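Visitor: A single structure is presented below for examination.
The values are calculated or read from the model by the stated rules, or taken from the named source; none is laboratory data. None of the values given here were measured: they were computed from a predicted structure. Here the Cβ positions follow ideal geometry from the backbone for every residue, glycine too, while neighbour counts run over all protein chains shown.
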Amino acid sequence: MNDFRNPDWQGRGPSDTIGRANGSPPPLGEGPRRLDGMAEPVYGRMRPRVSRQRSSSSSRRKIRRLRVLALVLAAGLVSSIVFSVVLYFHTQRIRGSEAQLTVAQKQLEQELAKARERITELNNDLRILLANRIPGIDELVLNRQIELNDQYVKNITFVESGLGDERTVEFSAVLHNGRTGPILPRVTIVLFDEAGLQTGIARLDKSQTITPADIPELQPGETRTYSAQIDLARQEPSKYFVVEVR
């Protein structure tokens, strides 16, 4: 049976077949064909587009990351600037407050110094008034030996003991007879408050000697120490004292 198929109808002719066999390129506009005459698949020519799409998507992601990083850096820079400005003004305010406090402190120190000077002046005036009214009055200082050197009385020490209503004042006096004959000590200790009012009184006798004495007289060259408690008539703090020696 005769084959009536036209080679031109199938898309190829004798020249086409011969050219393909000789390795000559296909006609313009026609893609490559396999040896069996079938055309190459079209998807083989689309692969470069997929690669370009992937590269474009990766670039966009990198740009987004760079934008986010730039925004974070910008936010951090702005925050640092704001913090620095706030810290600067806060520091300036603290310095201003310190300067004001320093000025106020100096003023208070000056006022305190003036007040102390005024108190010292008032105490001196009061002491002068009391000295005019009470001869021999002196300031009472606790826990310290006070030199007197009044006739045969060498020194005296006052010590406070007890609390509240039980508070008392004790004394310790040293007597020395530098004369050629015996002396009968006649010593009276009187305490006064700040206003010059009497708060307590004590008189020396031989029962108050630390070393027991057989006779009340103080023999020539003899030294005795008397110690006893002063009877307080008032609980006001004692400020001054007087030692009367006869």
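Visitor: Suppose we filter the range 216-225 for residues that are surrounded by 15 or more Cβ atoms within 10 Å (Cβ to Cβ) and in contact with a Ser or Thr (Cβ under 6 Å, 6 or more places away or on another chain); how many remain?
Guide: Final tally of qualifying residues: 1.
Visitor: Still on this structure: Given the criteria assigned to a loop (DSSP other than H, G, I, E, B) and not aromatic (F, W, Y), does Q229 qualify?
Guide: Answer is no for this residue.
Visitor: Out of curiosity, is G136 in a loop (DSSP other than H, G, I, E, B) and farther than 17 Å from S238 by Cβ? Steps first, answer last, please.
Guide: Working: in a loop (DSSP other than H, G, I, E, B): yes; farther than 17 Å from S238 by Cβ: no.
No, not satisfied.
Visitor: Please go through the range 197-209 and give me each residue that is in a loop (DSSP other than H, G, I, E, B) and buried (at least 16 other Cβ atoms within 10 Å of the Cβ), ordered by number.
Guide: Scanning the range 197-209 gives a single hit, L204.
Visitor: Please verify whether the range 123-138 includes one or more residues that are in contact (Cβ under 8 Å) with a residue 24 or more places away in the chain and small (G, A, S).
Guide: yes
Visitor: Right, something else. Checking the conditions here, which among A233, A213 is modelled with pLDDT under 90 and surrounded by 15 or more Cβ atoms within 10 Å (Cβ to Cβ)? Give the derivation first.
Guide: Working: A233 fails: surrounded by 15 or more Cβ atoms within 10 Å (Cβ to Cβ).
On inspection, the qualifying residue turns out to be A213.
Visitor: If we keep just the residues of the range 152-175 that are closer than 16 Å to P216 by Cα and under 57 Å from the mean Cα position of the chain (by Cα), which is surrounded by the most Cβ atoms within 10 Å (Cβ to Cβ)?
Guide: Among those residues, the one meeting the criterion is A173.
Visitor: Out of I189, I137, report the one residue that is farther than 23 Å from A213 by Cα and either β-branched (V, I, T) or surrounded by 14 or more Cβ atoms within 10 Å (Cβ to Cβ) (or both).
Guide: I137
Visitor: Which of the numbered conditions does R127 fail, given that it passes all the others? Conditions: (1) at pLDDT below 90; (2) closer than 15 Å to E244 by Cα.
Guide: Of the numbered conditions (1) at pLDDT below 90; (2) closer than 15 Å to E244 by Cα, the odd one out for R127 is (2).
Visitor: For the range 139-182, give me the residue count where each residue is free of Cβ contacts under 8 Å to residues at least 40 places away in the same chain, within 26 Å of R234 (Cα to Cα), part of a strand (DSSP E or B) and charged (D, E, K, R).
Guide: Residues in the range 139-182 being free of Cβ contacts under 8 Å to residues at least 40 places away in the same chain, within 26 Å of R234 (Cα to Cα), part of a strand (DSSP E or B) and charged (D, E, K, R): 1 in total.
Visitor: Scan P216, P220, P185, P212 and give me the residue that is in contact with a helix residue (DSSP H, G or I) (Cβ under 7 Å, 6 or more places away or on another chain), farther than 30 Å from D125 by Cβ, assigned to a loop (DSSP other than H, G, I, E, B) and of a type outside the set (G, A, S).
Guide: On the way: P220 fails: in contact with a helix residue (DSSP H, G or I) (Cβ under 7 Å, 6 or more places away or on another chain); P185 fails: in contact with a helix residue (DSSP H, G or I) (Cβ under 7 Å, 6 or more places away or on another chain); P212 fails: in contact with a helix residue (DSSP H, G or I) (Cβ under 7 Å, 6 or more places away or on another chain).
Exactly one of P216, P220, P185, P212 is in contact with a helix residue (DSSP H, G or I) (Cβ under 7 Å, 6 or more places away or on another chain), farther than 30 Å from D125 by Cβ, assigned to a loop (DSSP other than H, G, I, E, B) and of a type outside the set (G, A, S), namely P216.
Visitor: Can you spot a residue in the range 101-120 that is at pLDDT 85 or above and closer than 30 Å to P220 by Cβ?
Guide: Let us first name the residues in the range 101-120 that are at pLDDT 85 or above, namely 101-120.
This time we only want the ones that are closer than 30 Å to P220 by Cβ, so: none.
No, every residue in the range 101-120 fails to be at pLDDT 85 or above and closer than 30 Å to P220 by Cβ.
Visitor: Sticking with this structure for a sec: May I ask you to verify whether L126 is surrounded by 16 or more Cβ atoms within 10 Å (Cβ to Cβ) and either in a loop (DSSP other than H, G, I, E, B) or of a type in the set (A, V, I, L, M) (or both)?
Guide: On the way: surrounded by 16 or more Cβ atoms within 10 Å (Cβ to Cβ): no; either in a loop (DSSP other than H, G, I, E, B) or of a type in the set (A, V, I, L, M) (or both): yes.
Answer is no for this residue.
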